[in-house]
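**Student:** What follows is a structure written as structure tokens; I'll ask about it next.
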Amino acid sequence: MGTSAIEAQGLTKHFRHTVAVDDLTFSVESGRVTGFLGPNGAGKTTTMRLILGLDAPSSGSATVFGDRYVDVAEPLRTVGALLNARAVHPSRTAAAHLLCLAQAAGMSARRVDTVLGMVGLSDVAGKKAGTFSLGMSQRLGIAAALLGDPPVLIFDEPVNGLDPEGIRWIRTLMRALAAEGRTVLVSSHLMSEMALTSDHLLVVGRGRLIADSPMTEFIDRHDRRVVRVRTDHERALIPLLSAEGAHVQSEKDGSLTVTGLESGQIGVLAASCRAALAELTPVRGSLEDVFMDVTRDVVDYGVSS
């Protein structure tokens with residue numbers, strides 16, 4: 001088990017009549033990548049801003065190693081953050097932008113060259129940030145976050161604008177940083193990527209905490225227990241499955257998708273009506289499937305069907 005670097009206790013933020021963050025209590029441990037998930041408007045970015053002292057909480061607290069971020073003696077050497085990749089003066093070159101940050105924090109100019117190399121921007125160090133694509137801007141923002149070699153990293157949607165190679169790169173980087181014992185908190189809407197990257201999940205909806213658990217535990221706990229069944233005796237088996245409370249759906253390939261019963265229970269029912277089974281396969285839900293189910297009732301901007 002790692003050490004908690006980020007702590008939120010009863011963290012709450014009101015914007016007039018809107019509750020953006022509602023009594024959040026959680027910790028983010030070192031040595032692992034923690035995925036911060038939630039629908040649009042769930043309060044993820046606001047929570048990150050509260051941790052970084054960019055917004056003041058209405059009540060509760062957010063601390064880094066026990067201190068409010070505004071009280072941290074060397075902030076850039078303690079926390080590296082990427083919240084807005086475009087928050088760079090467009091007329092400054094990539095190198096000049098990072099050099100300004102380095103000098104303000106008393107860092108060597110050599111560190112600028114190091115982080116530019118780490119993010120693959122050495123060849124465009126002299127180009128103006130305003131000419132960068134979103135993907136290049138993300139890389140520059142990540143370079144800024146890494147500048148102070150901090151033990152805590154906070155990334156808000158870091159893969160936006162990145163091509164497949166860039167997405168794999170940031171995934172590898174985050175896991176490497178966690179393997180070094182650092183604390184990595186990352187939000188993303190790409191569920192498939194979070195499934196590959198995160199060890200632990202924080203899930204919020206309408207500002208409230210929905211889940212705080214390891215990735216595998218979150219999926220196992222909320223999975224709908226789907227089983228794929230193939231049989232030539234559908235007419236005999238389907239009524240038995242339905243009577244036991246299962247939801248049965250016929251698929252185009254001739255199989256049945258059964259939700260609500262374990263494979264063993266289905267096998268017993270099939271045997272009772274002498275229905276030979278050609279396939280009986282439990283199908284583990286994806287992070288995206290489980291996430292959609294868990295957050296279904298807390299989506300502010302859904303599409304009606």
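No value in this document is a laboratory result; all are computed from the given coordinates. A quick note: this is a predicted structure, and the numbers were derived from the prediction, not measured. Ideal geometry is used to build each Cβ from the backbone, glycine not excepted, and the neighbour counts take in all protein chains shown.
**Student:** Given Cα pairs under 8 Å that are at least 6 residues apart, what percent is the relative contact order of the stretch 224-283?
**Tutor:** Once normalised by length, the contact order is 52 percent.
**Student:** Compute the Rg to Rh ratio over the stretch 169-231 from the alpha carbon atoms, using the Kirkwood formula for Rh, and round to two decimal places.
**Tutor:** Working: Rg = 14.7 Å, Rh = 13.7 Å.
Ratio of gyration radius to Kirkwood radius for the stretch 169-231: 1.08.
**Student:** To the nearest 0.05, what FRET efficiency results for D232 and E288 with a Förster distance of 41 Å applied to their C-beta separation?
**Tutor:** Once rounded, the FRET efficiency stands at 0.80.
**Student:** Let me ask something else about it. Could you give me the ³J(HN,Hα) list for the stretch 159-172, computed from phi with Karplus coefficients 6.51, -1.76, 1.60 and θ = phi - 60°, whole Hz, x at Gly and Pro?
**Tutor:** Result, ordered by residue: 8, 4, x, 8, 7, x, 5, x, 5, 5, 4, 5, 4, 5 Hz.
**Student:** Treat every Asp and Glu Cβ in the stretch 28-142 as -1 and every Lys and Arg Cβ as +1, leave all other atoms uncharged, and give the resulting dipole magnitude about the Cα centre to the nearest 20 debye. Kindly include the intermediate steps, with their values, before the conclusion.
**Tutor:** Working: 12 positive and 7 negative charges, 72 e Å.
Its charge dipole is roughly 340 debye.
**Student:** Same structure again: I'd like the orientation of helix 263-272 relative to the chain: the angle between its Cα long axis and the longest Cα principal axis, in ° from 0 to 90, rounded to 10.
**Tutor:** Orientation of helix 263-272: about 10 degrees from the principal axis.
**Student:** Okay, next question. Report the extension gain between E217 and R168 in nm, rounded to one decimal, defined as 0.36 nm multiplied by the number of residues separating them, less their alpha carbon distance. Display every interim value, and only then the final one.
**Tutor:** Working: separation 49, 0.36 × 49 = 17.64 nm, distance 2.43 nm.
Taking E217 through R168 to full extension adds about 15.2 nm, to one decimal.
**Student:** Take the chain, connect every pair of alpha-carbon atoms lying under 10 Å apart with a spring to form a Gaussian network, then pick out the residue of L202, L256, L140 with the largest mean-square fluctuation.
**Tutor:** Comparing L202, L256, L140 in a Gaussian network model of the chain, the most mobile one is L256.
**Student:** Using a Förster distance of 45 angstrom, determine the FRET efficiency expected from the C-beta separation of C273 and N40, and round it to 0.05.
**Tutor:** It comes out at approximately 0.45.
**Student:** Kindly state, to the nearest 0.05, the FRET efficiency for S250 paired with V19, given R0 = 35 Å and r defined as their beta-carbon distance.
**Tutor:** Calculated value: 0.20.
**Student:** In debye to the nearest 20, how big a dipole does the stretch 224-283 give about its Cα centre with +1 on each Lys and Arg Cβ and -1 on each Asp and Glu Cβ?
**Tutor:** Values: 7 positive and 7 negative charges, 12 e Å.
Once rounded to the nearest 20, the dipole reads 60 debye.
**Student:** Please check: in the Gaussian network model of the chain (C-alpha springs, under 10 Å), which one of F132, F15, F291 has the largest mean-square fluctuation.
**Tutor:** Ranking F132, F15, F291 by mean-square fluctuation puts F15 first.
**Student:** Follow-up. Along the charge dipole of the stretch 1-109, pointing to its positive end and built from +1/-1 on Cβ of Lys, Arg, Asp and Glu, which listed residue (A95, T47, F15) has its Cα farthest out?
**Tutor:** Positive-most Cα among the choices belongs to A95.
**Student:** Compute the angle between helix 94-104 and the longest alpha-carbon principal axis of the chain, please, reported from 0 to 90 degrees and rounded to the nearest 10.
**Tutor:** Approximately 70 degrees, to the nearest 10.
**Student:** Do the sum for the chain: with -39,500 (n - 2.57) for every DSSP H run of n ≥ 4, divided by all residues, what is the mean residue ellipticity at 222 nm, to the nearest 500 deg cm²/dmol?
**Tutor:** The helix-only estimate for the chain comes to -10000 deg cm²/dmol at 222 nm.
**Student:** Let me ask another. Diagonalise the Cα gyration tensor of the stretch 83-165 and give the resulting equivalent ellipsoid semi-axes, square root of 5 times each eigenvalue, largest first, whole Å.
**Tutor:** The equivalent ellipsoid of the stretch 83-165 has semi-axes of 18, 15, 12 Å.
**Student:** Tally Lys/Arg at +1 and Asp/Glu at -1 over every other residue whose Cβ is under 15 Å from the Cβ of T231; what's the total?
**Tutor:** -1
**Student:** Please give the charge dipole size of the chain, origin at the Cα centre, charges +1 on K and R Cβ atoms and -1 on D and E Cβ atoms. Round to the nearest 20 debye.
**Tutor:** The calculation lands at about 720 debye.
**Student:** Then there is this: Towards the positive end of the charge dipole of the chain, with charges on Cβ (+1 Lys, Arg; -1 Asp, Glu), say which of S108, F26, Q249 has the farthest Cα.
**Tutor:** Going by the Cα projections, it comes out as S108.
**Student:** Collect residues whose amide H, placed 1.01 Å from N in the peptide plane, falls under 5 Å from the amide H of V184; neighbours closer than 5 in sequence don't count.
**Tutor:** Amide H neighbours of V184, under 5 Å, 5+ apart: G31, R32, T34, L153.
**Student:** Based on the Kirkwood radius over alpha-carbon pairs, what value in µm²/s does the Stokes-Einstein equation return for the translational diffusion coefficient of the stretch 164-305 at 10 °C and 1.306 mPa s?
**Tutor:** On the way: Rh = 17.8 Å.
Estimated via Stokes-Einstein, D reaches 89 µm²/s.
**Student:** So how much slack lies between D113 and A243, counting 0.36 nm per residue of separation and subtracting their Cα-Cα distance, in nm?
**Tutor:** The span from D113 to A243 would gain 40.1 nm if fully extended.
**Student:** Which value, in nm² and rounded to one decimal, describes the direction-averaged projected area of the C-alpha convex hull of the stretch 4-221?
**Tutor:** 11.8
**Student:** Continuing with the same structure: What is the Cα coordinate range of the stretch 224-283 on the first, second and third principal axes, sorted by size from largest, in whole angstrom?
**Tutor:** Its Cα atoms span 25, 23, 16 Å along the three principal axes.
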